[in-house]
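I have placed the structure first, in the form of structure tokens, so that the comments after it can refer back to it.
The values are calculated or read from the model by the stated rules, or taken from the named source; none is laboratory data. On a predicted model such as this, the values are computed, not experimentally measured, just so you know. All Cβ positions, glycine included, derive from the backbone under ideal geometry; neighbour counts span all protein chains shown. Accessible surface areas use protein heavy atoms only, side chains included; no ligands, DNA or RNA. Shrake-Rupley method; radii C 1.70, N 1.55, O 1.52, S 1.80 Å.
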Amino acid sequence: MPTTVPACTTCGVPTEAPTFAPLACICAACSHRFEVTLPTDGSLRTPVLGLRAILRGGQWRTALVDRASQGTFVVDPCPKCEAPVTIPRATMLALPCTHCGASQSLPIAGHAVDALPSAKMSGQTWGGGVDLTWTPEHRRGRIDQASPCPTCGAALPAFEGKGQCGHCGTSILALTACGQRVLPGVRVEGFDEGRATNRWLPLDEAIADWARRSALVSHSRGTTGRLFLGCGALGALFMLAGCGFFVLSPPLIERYGPGGLIATFFCVGAIPLVGFLAMVVWAVRRHAQKRKELGV
Ligand SMILES: [Zn+2]
Ligand SMILES: [Zn+2]
Ligand SMILES: [Zn+2]
């Protein structure tokens, strides 16, 4: 990929440096200090987040939402704790000239693209479970040219910041740097409650989608918790019913013979069984209602 930085201001020769000078960073979450070396070709960095980052899911979501509203620059995951490390978008990067050694300062927001991590989500839900991967997939084009809408393919006239496709209505965020327009987006792939999914979403929509699905998975977990409580209550009911069985069965056997025993046994067994089935139906319907509410 060609370099996207201007020629040296001292000697006028285009620099061949593949990277900017290392940038010192500090993690706000764990105070770990480290250096990041950003490429000069504006190439995308898409670190895959591990378990520690997933535990910090909320922090990553906030960092990317802040980024979408032009607040901060997302540098990288902290090498120690995987929290998102952010710096002001006005931060300057030092670019040493490979010919004369002079250094020029360039704004980070204009010459580098934020780290856009990929994430996975697996979870059991009362609708069949989700197993999805969010992988960054960005569309690039020249800043002065129309680009095709990533959703429907219609031509999007040149724009910066937030835009909307006039054809399909998809809202799109464009990051412009180094004469290029990047439409940051995410490919969401996997299985969503039994259905195979494979679609491209603009970054802000993908973040919202991730948040809605996290809410759905945790809501389902809450339902399971309540179901366990319900099972406890059913267990108690079953014990009571068992006691009833011992009290009721002798007079009924005396009167109706073995038929009386079977009838009593069936009634006693039916109470927890019907209760359990009712709870499962309740859980599935509660989940479907939440899914509708969230619009996923
Ligand atoms: Zn850290
Ligand atoms: Zn120079
Ligand atoms: Zn469109």
## Note on the structure
Ranking TRP134, TRP282, TRP210 from most to least accessible area with a 1.4 Å probe gives TRP282, TRP210, TRP134
### Query
With all pairs of different alpha carbon atoms counted, what Kirkwood hydrodynamic radius in Å does segment 214-294 show?
14.7
### Summary
Label model pair CYS100, ALA24: point-to-point distance (7 angstrom along the Cα→beta-carbon line) in nm is 2.8
### Summary
Highest GNM mean-square fluctuation among ALA270, ALA90, ALA17, for the chain with Cα springs under 10 Å, belongs to ALA270
### Query
Relative to the Cα centre, what is the charge dipole magnitude of the chain, using +1 at the beta carbon of each Lys and Arg, -1 at the beta carbon of each Asp and Glu, and rounding to the nearest 20 debye?
660
### Message
Once ligands and nucleic acids are excluded and a 1.4 Å probe is used, how much of ASP131 is accessible, expressed in Å² to the nearest 10?
### Response
80
### Message
Would you work out the Kirkwood radius for the chain? I mean one over the mean of 1/r across all pairs of different Cα atoms, in Å.
### Response
23.4
### Message
Please report the accessible area of ARG199 (heavy atoms, 1.4 Å probe, ligands and nucleic acids excluded) in Å², nearest 10.
### Response
90
### Query
Among ARG212, ARG221, what's the order by accessible area (1.4 angstrom probe), most exposed first?
ARG221, ARG212
### Residue-averaged [θ]222 nm for the chain, counting only DSSP H segments that reach four residues, each worth -39500 (n - 2.57)
-13000 deg cm²/dmol
### Query
Of HIS219, HIS167, which has the most accessible area and how do the rest follow, probe 1.4 Å?
HIS167, HIS219
### Summary
Residue-normalised value, i.e. accessible area per residue, for the chain at 1.4 Å probe, in Å², stands at 53
### Task
Note down the accessible area of LEU229, probe 1.4 Å, to the nearest 10 Å².
130
#### Entry: Most mobile listed residue (CYS81, CYS30, CYS97) in the chain, GNM with C-alpha springs under 10 Å
CYS30
### Query
Which percent of the accessible heavy-atom area of segment 214-294 goes to carbon and sulfur, probe 1.4 angstrom?
77
### Query
Among SER220, SER171, SER249, whose mean-square fluctuation peaks in a Gaussian network model of the chain (Cα, cutoff 10 Å)?
SER249
### Query
Out of ALA109, SER147, HIS219, whose Cα points farthest toward the positive end of the dipole of the chain (charges: +1 Lys, Arg; -1 Asp, Glu; placed on Cβ)?
HIS219
### Query
Roughly how many nanometres apart are two label points built 7 Å out from the Cα toward the Cβ at LEU261 and ARG199?
6.0
